[in-house]
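Visitor: Next up is a structure, given as structure tokens.
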Amino acid sequence: MTVQSPTTQSQSLWRPNRDRSRLIQSVVKFICGAFAAVSIVTTLGIVATLLFETISFLQEVPIWQFLTDRKWTPLFASKEFGIFVLVSATVMISVISILVAMPLGLLAAICLSEYATPRTRKILKPVLEVLAGVPTVVYGYFALLTVTPFLQTFLPNLKGFNSISAGLVLGVMITPLVASLSEDAIYSVPQRLRDGAYALGTTKRETIVSVVLPAALSGIVSSLILAVSRAVGETMIVTLAAGANPTLGLNPLVPVMTMTAFIVQVTKGDAVHGSIAYQTLFAVGTTLFLITLALNIFSFWFVRRFREKYD
Amino acid sequence: MTQTAGAMTAHKIAFQAEKLSVSYGSTMAVKDVFLDIPQNQIVAFIGPSGCGKSTVLRCFNRMNDLIPSAKVEGRITFKGQDIYDKRVDAVELRRRVGMVFQRPNPFPKSIYQNIAFGARINGYQGDMDELVERSLRDAALWDEVKDKLKASGLSLSGGQQQRLCIARAIAIEPEVILMDEPCSALDPISTLRVEELMQELKQKYTIVIVTHNMQQASRTSDYTAFYNAKATDQGGKMGYLVEYDRTEVIFQQPAQQSTQEYVSGRFG
């Protein structure tokens, strides 16, 4: 069969409007670019605000004082600005929460991805994600009114506001995040790697521990780091359950104040624009921002360094 | 229609399949296969796509167990023992019957660990360095990787990766190596190297290879099984074994018309 060359007659039936296509193309490109720019401009705006106010804060309070004071009393007559009082509370609660979320989330992820039947997986995964949708204020009240009294039955020294209860509940809150993202990472390990392990005479457990988890390592670690970032920035649970009492140290039984709880305290009050209390807000905000930025950069580096490429 | 090779009696039998059928859910993938796999020979499975040759291969080390909907009927014995017997542990069977897959699947570990992994899992007590070197030598890969044993297995070329997978399979000293289209993702030179390797491995191992490449089957194998597929009433395809004999018989004077047409390239 020979292919006929297009005749002049059939060609006249085709009149594509190239100019119109090109115009629509450039309009679409512009609109998409504009929307993308909004998020960049917003981020830059936030960073700029944080930086300017932090700089004027540091002109009032020398940075060594900010880093070395052992008390946090910016709203008192005798002001001290030891940021580590707040940082220690945030770090302690985040560590407690990740100690809860890591085993719970990882085991849930392994169970869902490797052991659950497709049907169970289809039901359980959305249920798990509903847990992530519970408002954090509900978690906060749960920690304050249920978990703390329960813990007090065998920890008599436990104060009404404390880190351990806030940390435990915060851990439950970020568990779905760890579970869901780790599950994605584990589930996306190619089946042929599992087949390769099984073909060498390994059991299911050996396959998961020695082949599947190492292959999913970068995804698992980044899910953990994202969860830590989330815990560091979490506000409602720690404000409600951990108290508002700036205490330096790592005692989980007493009231503390996290960086986020401090920000809530000041913004609820009436800090005058330009006052030192107002500027403190931004100094704490910048510290928080730098911590989560460092975590995200580490996660980004780790994923790039350890991700396995399966074509 | 099934045939058993007449000259088979000259060899000891590794696998014997009797009335083997495999279905996935309600779909029958391959039906009523009778087949003997002789020891220390290379047996090739050829046939068009969807004829069930890979499915049959995956019965020999019970890889089909891993697919929840798969159902195996009939009987397969390995050196006289029914491998689908309840008392047989599939994990133990797979140690004795190794497998190389269609696409190279080295673990995301170092070259050394890729080999040592299976041996360690299976409780190997000997000198690991020696085992790794011997396995890589047997797989004709040692000279290319001896200076970078710590490099990732994934950093190798496709052909090297596939030989690494062969080395990994022979490191645990199996009795049989099943190869599921091991060269389909490789270039011609890598393919040739794997084929040469098969000839050497045949001294120690029984090899069953699934291939789409008829030249490969005729070059490398001692026996060839030709599978074909026919349409079923439900609109699917069902595989069956057409003819099984010495490779030269299958390629030069097959008993079946469809075998003749397939090996001469007229369909498939």
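Visitor: Step by step: first the residues of region A:186-195, then only those that are out of contact with any strand residue (DSSP E or B) (no Cβ under 9 Å at 6 or more places or on another chain) and facing chain B (nearest Cβ under 7 Å), then the one that is nearest to residue A:107 (Cα to Cα). Which residue is that?
Guide: Restricting to residues being out of contact with any strand residue (DSSP E or B) (no Cβ under 9 Å at 6 or more places or on another chain) and facing chain B (nearest Cβ under 7 Å), the top hit is A:193.
Visitor: Which members of region A:199-218 meet the condition of being at the interface with another protein chain (Cβ under 7 Å from one of its Cβ atoms), free of Cβ contacts under 8 Å to residues at least 60 places away in the same chain and not polar (S, T, N, Q)?
Guide: Selection gives A:199, A:200, A:201, A:206, A:211, A:214.
Visitor: Do the conditions hold for residue B:86, that is, is it more than 14 Å from chain A (Cβ to nearest Cβ), surrounded by fewer than 23 Cβ atoms within 10 Å (Cβ to Cβ), under 21 Å from residue A:215 (Cβ atoms) and among the charged types (D, E, K, R)?
Guide: Considered against the rule, which asks whether it is more than 14 Å from chain A (Cβ to nearest Cβ), surrounded by fewer than 23 Cβ atoms within 10 Å (Cβ to Cβ), under 21 Å from residue A:215 (Cβ atoms) and among the charged types (D, E, K, R), residue B:86 comes out as no.
Visitor: Name the residues in region A:227-254 that are surrounded by 20 or more Cβ atoms within 10 Å (Cβ to Cβ), outside any helix (DSSP H, G or I) and of a type outside the set (Asp, Glu), would you?
Guide: A:242, A:243, A:246, A:252
Visitor: So, in region B:174-195, how many residues would count as being touching a strand residue (DSSP E or B) at 6+ places or on another chain (Cβ under 9 Å) and surrounded by fewer than 19 Cβ atoms within 10 Å (Cβ to Cβ)?
Guide: Residues meeting the conditions: 1.
Visitor: I would also like to ask the following. Report the residue count in region B:60-71 for those that are crowded, with 19+ Cβ neighbours inside 10 Å and not charged (D, E, K, R).
Guide: The number of residues fulfilling the criteria is 4.
Visitor: Right, here's the next one. When you scan region B:79-109, how many residues do you find that are in contact with a helix residue (DSSP H, G or I) (Cβ under 7 Å, 6 or more places away or on another chain) and either touching a residue at least 40 places away in the same chain (Cβ under 8 Å) or among the charged types (D, E, K, R) (or both)?
Guide: 12
Visitor: Output the residues belonging to region B:94-103 that are crowded, with 22+ Cβ neighbours inside 10 Å and over 19 Å from residue B:205 (Cβ atoms).
Guide: Across region B:94-103, there are no qualifying residues.
Visitor: Just to be sure before I move on: is residue A:265 touching an Asp or Glu at 6+ places or on another chain (Cβ under 7 Å), farther than 30 Å from residue B:175 by Cβ and not charged (D, E, K, R) in the structure I sent?
Guide: Considered against the rule, which asks whether it is touching an Asp or Glu at 6+ places or on another chain (Cβ under 7 Å), farther than 30 Å from residue B:175 by Cβ and not charged (D, E, K, R), residue A:265 comes out as no.
Visitor: Can we say residue A:53 is acidic (Asp, Glu), surrounded by 10 or more Cβ atoms within 10 Å (Cβ to Cβ) and modelled with pLDDT under 90?
Guide: no
Visitor: Pick from region B:117-152 the residues that are under 22 Å from the mean Cα position of the chain (by Cα) and within 11 Å of another protein chain (Cβ to nearest Cβ): which of them is surrounded by the most Cβ atoms within 10 Å (Cβ to Cβ)?
Guide: If we take residues in region B:117-152 being under 22 Å from the mean Cα position of the chain (by Cα) and within 11 Å of another protein chain (Cβ to nearest Cβ), then B:118 is surrounded by the most Cβ atoms within 10 Å (Cβ to Cβ).
Here's the yes/no breakdown for (1) among the hydrophobic types (A, V, I, L, M, F, W, C); (2) away from every other protein chain (no Cβ under 14 Å); (3) within 30 Å of residue B:107 (Cβ to Cβ):
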site	(1), (2), (3)
A:127	yes, yes, no
A:138	yes, yes, no
A:143	yes, yes, no
A:152	no, yes, no
A:156	no, yes, no
A:159	no, yes, no
A:184	no, yes, yes
A:197	yes, no, yes
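The values are calculated or read from the model by the stated rules, or taken from the named source; none is laboratory data. Remember, predicted model here, so these are calculated numbers, not experimental data. Neighbour counts are summed over all protein chains in view; Cβ atoms, including those assigned to glycine, are modelled from backbone coordinates with ideal geometry.
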